[in-house]
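Heads up: the structure comes next, in C-alpha cells.
The values are calculated or read from the model by the stated rules, or taken from the named source; none is laboratory data. Model, not experiment: these values are computed from the prediction. Note that we place each Cβ from the backbone using ideal geometry, even for glycine, and neighbour counts take in every protein chain shown.
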Amino acid sequence: MASSSPDDNHPVASPPFRTPSILATTRKASNASVLESSAQAEASSGGMSHGQRIALSEPERPSLPGRLSKGLRGESHRSISEAMRLARSREEQETLLDDEEQADDDGCYPPRKNDDPRAPNPHGWLPVYTTIHKIRRLVVASIDDPYSLEQLKSPRMNISVIRPLVDHLYDADDVSVVYCLLVNRMQFLREQSYQAHHQTVNITRATVCELIAGRVLRRFDEDHEGRQGLLLIANVLVAGFEPFQNAPPEVERTKKNALHWAITSHFVRPDRERMLTALEVAIVTESKGFLSSTSCQKIVDAVYRGRITYNPTSFIDILPDRYKSRGISLYDPRKAPLLNQYRLIVPRTRNIIEACQFVVLLLLYILTLANKARAIGPSHLRFTVAELVFAAYGVGWCLDELASITEHGWTVHTENLWSFLDITFVLIFSTYFGIRMHGLAINDGSVSKLALDVLSLGAPVLLPRLAFCLMPENMLFIALRAMMADFTFLTVLAGWCFGGFLLAMHWLSEAQDGYTKHSSLTIAKWMLWIWFGLDGTGVQRSAEMHWLLGPTLMITFAFLGNTLFLTILVAMLSNTYTNLATNATAEIQFRRAVLTFEGVKSDAIFAYRPPFNVLALIFLMPLKIMTNDRWFHKINVTAVRVLNAPLLLLISLYERRYLWKRSRYFSPPRKHTWLTLWEHFGAHGDLQAVFDSDPPQSVLDDIEDVEEVLGGDWWDGGYVDAIRRRRGSRSLHSNDAASGRTGSGLEGLRRRRSNREIIALRGDLRLDGNDAVGDV
C-alpha cells in the first residue's frame, strides 16, 4: 500500500485523473475515521448508564468523483411502482416491437437514416486508448497486495476499493469502459506469467478488472430500461473497439509495426481493422464470472436467438463480402425480407444447421466404410457412390471448419466444447484424402486400402462428437474436455521423462558383437504393458539385458510409472473435475457465450452448405477480383437465396411467429424444458397456472395499499408505521419504554444497526495486518 501522508484525514476533491497514491490514501482515511468514531463511543460510554446507547454516525464511504454527472445510479430503495416498472420493462424486451417503433425494410430497429450500405461507427469518438491506460493506473494504485476472490468480495474491500472504482469509471455515455477493463485484465494475466515476484498481485488485479467490468455492466442494465436499454447493453458487449482508438499521433505511428494486423488487413474490411469486442476479450481471458452475470447472459441469449443483430469482427475472411454492413440493432421479422440471407448466421440457426451437417457427414461415413471393397486389389481403385459423395461432402465440411478457425482465431475456436474432436477428424480426413489420391495416381490398390484403414480411425471421434452435440451443457462432457487436456499433457511429460529408461535398456541389450538382442520397439511395448498393469513380461525378460541392472531399471520404472504416475494422474483429474463441478453454472454459461459468439459469422462462405461452399470458393473468388464490391454483393446474395430458399422460407415463417413471443413450453434455449409439460397434468399444476395470467383490475384495487406500505423509506418509518396503522399495534412503543431506551423503537433499531456495522468493520480492519490498524 502507498504510505499515508499527514493530510490523509482531510482528503480534498480529486481531479478525474488521480495519482497512484490517492486511492490507498482514501482507504486509510476511511479506516482512521471509523476507528476514531469507535474510540470516542467507547470512551463516552463509561459515564452513561447501561440502559442507554450511543448513536454513532455511519462512516462515509470513500468515493472517486464520477466521470460525468449524468447517468449516475438512483436511490437503492425503490418503491413498488418502480419495481413493477422494471419488471414490465424486462417483459417488454421479450415481446415484439410496438407498431409505433417501425423497423426499416431490412427488419432492423432503429431504422437506418439513409441508404448508405455501411453504417458509420457510432463509437469512433470514444478515447479508448486513454481509458485503457487510465484504468491501469487506477488498478495498480488500488491493489498492491494479493487477495483472493472471497476477500475482494468482502464488504470492506467492496466499500473501500471496488465501489469507488465503479462509481468513478461508470459513464452512461461511454460504452467502451467494459472493453477497456477486460483489455487490462488480459494484460495483467500476461504479466503474471513473466513476473514471478508479482504473480499473485497481477492475478488479483486481473480479478479486480473482471469484478469492476461486471458491476459496470450491471449498472448499464439497471439505469437503462426497455428496448433502448437492451440496445445500449448490446453496444457495450458486441460493439467493435480498436485498442489504439484516438491515440496520440506519436502512438499511432508505432502500431503499424504489428505484422499480425498487417496480414489481416488484406482480408478484412478497412473500417473493421483491429477491432475486437468486449465479449470476445472476455472469452479469450476466460472471464467466467463476468460472462455468467445476468446482464451479460441477457445479451448472449438475445444474440443467440437472433433478436439482436450485428456485423461481427473477424480475423480472416476467406470469401469476404464487404459491401453492406449495419450497426447493432433489434430484428423485427415482420418488416424483414421473406428470404433474408443474414438469418443463416444467427447462432441458434447456425447451431441447428451445423448439427444437421454433422449427422449427414456421419451417415455418409458409415455408408462409405460399410460398402468398401473387401479384397485388396483393383477393386480399391474404384470409388463407390457412397465414397464419392462422402469425399465431396467431407472436403466441404473441412473447408467450413477451416473457415471457422480463421473467423475468430485459434484461441476462440478451441474454447468450443467439441473443437478438439472436429480438428482431430479434419486431420484424419486430410490424411485419408491425400493417401487416396496418391493411390489413384500410382494405380496401387494397397495404398488405397491403407487410405480406408486410416479413415476408419475417425469412428472413435465422430460418435462422441454426436453426443457432444446432443448434450452440450452436460457437466460430464465439459469436464471431459478439460480432463483430456490434463491427461494429454501429463502423458507427454511422462513419456519424455521415461524415455531415459528406454534408452538405458536399449544400450544394456547390446550383445558382445554390437547388435541389440531386443529392439527398442519391443522394450517400449514391455514398458507400456507394465505402465498400465497389463503384463509383467518386461520384468521377466529384463534379466536378458543384464542380470542386475536390467531388472533394477525395469522394477524402478514399474514403481514410478504404474504407481506414482497413475496416482498423480487420478489426483489431477479428480481436482479438475471438482473445480469444474463447483463452478458448474459459470462453466455452462461460459460455453454458451463461446457458442453464441462463434456462431455469428461474417464470412460469406458460411452461407453455402457443404459441398456447395467448395464450388462457391472456386467460382466466386475469381469473380470477386473481376467485379466491384456492389456487384459481388448482388451476385452473392442471389446465389445464397437460390441455394437456401426452402431453408430461408422456413426460418422466416418460424421467426415471424415465435422470435419475440415468449413460449410457455419452449422458452429457455438449449434446455429440455419440454419435460415440464407433465407438470400441468399433475396434482400441483394449479400452483403454476395461477401466475400464467395477470390478475384483473378488481384484484389490483384490493392490493393498492402495497404502494403505501413499500413506498417509504424503511428506517424512516414508512414500512413499520404502515404495519402499525394496519394492525393497531403498540408493542414496539411499549417495549421501548420498558427497556428504558431513549427515543423510539426505530431510533433504537437504527442505533443498534450502526453499532453492529462499526463493530463488524473494526473486526475486518484488525484482520488486515498490512494497512489497517498499524498504519492508522
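Looking at Val183, Val201 in this structure, which one is farther than 30 Å from Arg305 by Cα and touching a Pro at 6+ places or on another chain (Cβ under 7 Å)? None of the other options fit; the residue is Val201.
Every residue, every condition in (1) of a type outside the set (A, V, I, L, M, F, W, C); (2) touching an Asp or Glu at 6+ places or on another chain (Cβ under 9 Å); (3) crowded, with 16+ Cβ neighbours inside 10 Å, yes or no:
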position: Ala355; (1), (2), (3): no, no, no
position: Thr368; (1), (2), (3): yes, yes, yes
position: Arg374; (1), (2), (3): yes, no, no
position: Phe383; (1), (2), (3): no, no, no
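Here Ser446, Ser430 are screened, and the one residue that is polar (S, T, N, Q), over 25 Å from Phe606 (Cβ atoms) and part of a helix (DSSP H, G or I) is Ser446.
It is to be established whether one or more residues within segment 145-165 are buried (at least 20 other Cβ atoms within 10 Å of the Cβ) and within 29 Å of Thr309 (Cβ to Cβ). No, there is no match, as no residue in segment 145-165 is buried (at least 20 other Cβ atoms within 10 Å of the Cβ) and within 29 Å of Thr309 (Cβ to Cβ). Among all residues of segment 572-579, there is none that is over 30 Å from Asn474 (Cα atoms) and among the aliphatic types (A, V, I, L, M).
Condition check for Lys601 on (1) part of a loop (DSSP other than H, G, I, E, B); (2) surrounded by fewer than 17 Cβ atoms within 10 Å (Cβ to Cβ): one failure, at (2).
Rundown of residues vs (1) touching a strand residue (DSSP E or B) at 6+ places or on another chain (Cβ under 7 Å); (2) modelled with pLDDT under 90; (3) buried (at least 22 other Cβ atoms within 10 Å of the Cβ), yes/no style:
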residue	(1), (2), (3)
Ile555	no, no, no
Asn562	no, yes, no
Thr576	no, yes, no
Ile605	no, no, yes
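Scan segment 555-572 for residues that are among the polar types (S, T, N, Q), in contact (Cβ under 8 Å) with a residue 24 or more places away in the chain and within 14 Å of Leu534 (Cα to Cα) and jot them down. Listed by number, the list holds a single entry, Asn562.
Screening Ala524, Ala604, Ala494 for residues that are closer than 30 Å to Val238 by Cα, within 45 Å of the chain's Cα centre (by Cα) and not assigned by TED's automatic domain parsing to the domain that holds Thr285 leaves exactly one candidate, Ala604.
Residues being at pLDDT below 95, under 20 Å from the mean Cα position of the chain (by Cα) and in a helix (DSSP H, G or I) are entirely absent from segment 156-176.
Within segment 197-205, does at least one residue satisfy the condition of being at pLDDT below 85, assigned to a helix (DSSP H, G or I) and farther than 30 Å from Ser142 by Cβ? The answer is no, given that none of the residues of segment 197-205 is at pLDDT below 85, assigned to a helix (DSSP H, G or I) and farther than 30 Å from Ser142 by Cβ.
From the list Leu452, Leu421, Leu427, Leu399, the one residue that fits, being surrounded by fewer than 20 Cβ atoms within 10 Å (Cβ to Cβ) and in contact (Cβ under 8 Å) with a residue 12 or more places away in the chain, is Leu452.
Every residue, every condition in (1) in contact with a Leu (Cβ under 7 Å, 6 or more places away or on another chain); (2) on the phi < 0 side of the Ramachandran plot; (3) in a helix (DSSP H, G or I), yes or no:
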residue: His518; (1), (2), (3): no, yes, no
residue: Trp529; (1), (2), (3): no, yes, yes
residue: Gln540; (1), (2), (3): no, yes, yes
residue: His546; (1), (2), (3): yes, yes, no
residue: Thr556; (1), (2), (3): no, yes, yes
residue: Thr567; (1), (2), (3): no, yes, yes
residue: Met572; (1), (2), (3): yes, yes, yes
residue: Tyr577; (1), (2), (3): no, yes, yes
residue: Ala586; (1), (2), (3): no, yes, yes
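Checking Leu615, Leu595, Leu620 one by one, the residue that is of a type in the set (A, V, I, L, M, F, W, C) and farther than 30 Å from Glu415 by Cα is Leu620 and no other. Summed over segment 270-323, residues that are part of a loop (DSSP other than H, G, I, E, B) and either touching a strand residue (DSSP E or B) at 6+ places or on another chain (Cβ under 7 Å) or not assigned by TED's automatic domain parsing to the domain that holds Ser193 (or both) total 5.
Take the conditions modelled with pLDDT of 90 or more and either exposed (fewer than 14 other Cβ atoms within 10 Å of the Cβ) or over 27 Å from the mean Cα position of the chain (by Cα) (or both) and apply them to Val447. Does it pass? No; evaluated as a whole, the condition is false for this residue.
Looking only at residues in segment 406-418 that are surrounded by 18 or more Cβ atoms within 10 Å (Cβ to Cβ) and under 18 Å from the mean Cα position of the chain (by Cα), the one that is nearest to Val461 (Cα to Cα) is Trp418.
In segment 455-469, of all residues being of a type outside the set (A, V, I, L, M, F, W, C) and in contact (Cβ under 8 Å) with a residue 12 or more places away in the chain, the one that is farthest from Glu286 (Cα to Cα) corresponds to Ser456. Restricting attention to segment 463-506, the residues that are surrounded by 14 or more Cβ atoms within 10 Å (Cβ to Cβ) and among the β-branched types (Val, Ile, Thr) total 1.
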